Amino acid sequence: MELFIQQLVSGISIGAIYALLAVGYALVYSVYNFTNWAFDAFMAFGAFMAFVAISSLAMPFWLAMILSIILTIILSVGSESLAYRPLRERKAPRLFMMISAMGVNLAVVNIINLIFGGTFRKFPVESVQPIFVGNVSIGRMDLIAGAISFGVLALLWLFLYRTRWGLGIRASAIDIQTASLMGINNNAVAIIIFIITGVLSSIAGVFYGIKYAVFPMMGIVTIKAMIASIVGGLGSLPAAIVGSMILGVLETLVSGYISSSYRDLFSFLFLIIILLFFPNGLMGKNVDEKL
Amino acid sequence: MEKAMLLGTKKFGLVLMALVLLMSLLTGCQQEKVLKIGYITEQTGVDAYVGPASVPALQDHVDKINAEGGIGGYKLELIVYDTRSEVTDAVAVIKRLFDQDKAVAVIGPSWSAAAIPIADIADAAKVPVVATTASNVNVTVSETGQLHPYMFRVCFIDPYQGYAQADFAYNKLGLRKAALLTDIASPYTVGLHQFFKDHFIELGGEIVAEEGYTQGDAEFRAQLAKIKDAGADLLVMDAYTYKDVGLAAQQAEALGLKIQIMSGDGVFVPELLEMAGPQLEGAIVTTGVSESAPEFAEFNTAFEAKHGIKANIYTYYGLDALMMIEYGIREAVKKGEPTPQAIRDAIETMTDVQLFTSKVTMDPETHNPLKKPLLINTIKNNEWVLLETFQPK
């Protein structure tokens, strides 16, 4: 039983990281119907900026976090206006946007690699001892990361459902052409979405860096977030969170009780089974109810 | 007028012809005899710490040979390609070295998963390849027991390292319940753990948990929780990437799992200590060479001062491989033309040749260096400490 609870706790903490990333995917997908493959590069960029701010500029953590968020927003919005907007304006097929995103990803990851090198760095924060409940260990960092993840996601929900800008984004998610005909500024929506993407990826990057390590290829994990958002239902925010939790817990339970060697096999098998029975994901909705 | 023009064209044509002739003569004079040596390494991707620490050292050595006049009138040229830490890229760049660059010999790769497919390609191209740290048995000898005539290596092989680890854990540390955490996509880890397991069980030990993960994973708590539950007193994790061991050590501490950690030469880099030194206090790491060995101190200081990067074992193994090829070229030049075939023949029969790290004798039957010593190190106060040296029988 203790082992089961330990695996459950680990699973939820992994799910919380997946959730931040999955929501980023879901947001871009819901409006533009393309997968933002550059997301993992933004994540690594955010982590590296915070890392440099703390280790080289001796900034306190909160200031480094803010700096990292601002710089990642600049990168995210910059890549939107350089790599995606020209394609959108020329009405390029969505596949081209995805390829463009891959290009941004490769470029950013390799520039990071060139400047900082490919070593794995420990994030320069004091490591804190986990809390033990019986023999079950709960990481304090996991609790903080989890709380911040859900706090940010809650703010995002408020923004989308309680502000005029949020309404504009939701309208664009249903039909971006009609929304722009109704007077919603298409480019402004794009900028807001990529600002949110920047914030989410920077936070995810920093917490992932603290939890594991900071390295240029750290964004590999986003493939799991991608699965999570598909399992939940691509394009829906609550679904992305539910999908992340399910995937995180499933992975640790498979590792713990079936075989850790076949964990990824189960993750992908699970994805296939879900898609066979729920082609829109577990909580996938019709087009007019997205987000 | 027309005639004059015609004459002009004729004259121009003559001058042009003369120029072309002269130029071809001149280039004939200037044309140096160049031997191209390829180096395929990891400059980007998850293992991007391998290439940057070795390329400058290899280039320095090639420059030194050229400054001394080359080998028998031949200048050497080092051609470096990035494998992006991917097997597919490693295969693509080695084909380029063989087909387009016409390299006479190639150094690399550093990992078995890439070296195994490359062995067949080297045999087909008839160009010798010297792998650096690819230690799986099948790198030089196929699964059916056939020797790959053009594949060599400078490191020791996995059976030997796995055997030594099991021996040390059972006899010296007195541990009886081992857990294996294996990168299932890495022939290096899978092979090493198989040999560890065989010998550990043979000695009377027990394998209480066999867990797996794949390259790129950062989360090991599920596996570690299971290992804790199984009551293991030894965690064997011969990862190829030090990140895996660093993260596992951090997460083991977070789970309250106190266990002896043991790992192999794949993770023996200074960066591991920066990442998880305190969590790895007392861990055992076996390796063929050690950066903290006094004989490398001078080299390390000079290297770091010149290139601003720390030398690691990949630097040493890279130099070993380059010097092995250098030896092959020197011998081939003595006998005639330094063709890939002649270089291969010379390497195959090399006996007691001083390379960068040690003297090497090549086993013509297996293309593995004979009698490479194995060092058993531990981590004490965030530094590597040599415990003992294992001499092969």
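Answer rounded, prolate or oblate for the range B:285-392, using the Cα gyration tensor with square roots of eigenvalues a ≥ b ≥ c: rounded when a/c is under 1.5, else prolate when a/b is larger than b/c, else oblate. Taking the square roots of the gyration eigenvalues as a ≥ b ≥ c, the range B:285-392 is oblate.
Could you calculate the contour length gain from A:Thr178 to A:Asn33, that is, 0.36 nm times the residue separation minus the distance between their Cα atoms, to one decimal place in nm? Present the calculation step by step, with values, prior to reporting the outcome.
Values: separation 145, 0.36 × 145 = 52.20 nm, distance 1.53 nm.
This chain segment gains 50.7 nm when fully extended.
Note on B:Lys33: aspartates and glutamates with a C-alpha under 12 Å away, same-chain residues under 8 apart excluded, are B:Glu77, B:Glu337. Note on B:Asp233 and B:Lys172: the model spin-label points, each 7 Å out from Cα along the C-beta direction, lie 1.7 nm apart. Distance from the Cα centroid of the range A:1-49 to that of the range B:247-309 is 31 Å (rounded to whole angstrom).
Helices from chain A with mean Kyte-Doolittle at least 1.0 and a Cα length along the axis of 18 Å or more, per DSSP H: which? Helices passing the filter in chain A: A:2-32, A:39-55, A:61-79, A:94-116, A:140-162, A:186-211, A:237-253, A:263-277.
Tell me which trypsin sites (Lys or Arg not before Pro) from the range A:65-103 have a DSSP coil assignment and no more than 12 other beta carbons within 10 Å of their own.
Details: sites: A:Arg88, A:Arg90, A:Lys91, A:Arg94; in loops: A:Arg90, A:Lys91.
Here the sparse-neighbourhood loop sites are A:Arg90, A:Lys91.
Computed 3J(HN,Hα) for the range B:257-274, one whole-Hz value per residue from the Karplus formula 6.51 cos²θ - 1.76 cosθ + 1.60 where θ = phi - 60°, is 8, 9, 8, 6, 9, 10, 8, x, 5, x, 9, 7, 9, x, 4, 4, 5, 5, glycine and proline marked x. Modelled this way, with points 7 Å down the Cα-to-C-beta line, the labels at B:Val15 and B:Arg330 are 5.2 nm from one another.
Count the lysine pairs in chain A whose Cα atoms sit under 29 Å apart, keeping only pairs 8 or more residues apart in sequence or on different chains. Lysine pairs satisfying the spacing and distance rule in chain A number 7.
Straight-distance candidates among the aspartates and glutamates for linking to B:Lys226, with alpha-carbon spacing under 15 Å and chain neighbours fewer than 8 residues away dropped: A:Glu2, A:Glu251, B:Glu210, B:Glu211, B:Glu253. Any idea how far apart A:Leu275 and A:Tyr257 come out in nm if each label point goes 7 Å out from Cα toward Cβ? For the pair A:Leu275/A:Tyr257, the computed spacing is 2.6 nm.
Here the Karplus curve 6.51 cos²θ - 1.76 cosθ + 1.60, taken at θ = phi - 60°, turns the phi angles of the range B:63-76 into couplings of 4, 5, 4, 5, 5, 7, x, x, 10, x, x, 9, 8, 9 Hz, with x standing for Gly and Pro.
Amide H contacts of B:Met350 (H built 1.01 Å from N, in plane; Pro and chain starts excluded): B:Met362 sit under 5 Å, all sequence-distant by 5 or more or on other chains.
Summing charges over neighbours of B:Thr301, with a neighbour being any other residue whose Cβ is under 15 Å away from its Cβ, gives -3 when K and R count +1 and D and E count -1. Over all alpha-carbon pairs of the protein assembly as shown, lay out the pair-distance distribution in 10 Å bins, whole %, shortest bin first. Computed distribution, short to long bins: 3, 14, 22, 22, 17, 12, 6, 3, 1, 0, 0.
Laboratory data are not the source of any read-out in this text; all were calculated from the coordinates shown. None of the values given here were measured: they were computed from a predicted structure. As a convention, Cβ positions derive from the backbone with ideal geometry for all residues, glycine included, and neighbour counts pool all protein chains shown.
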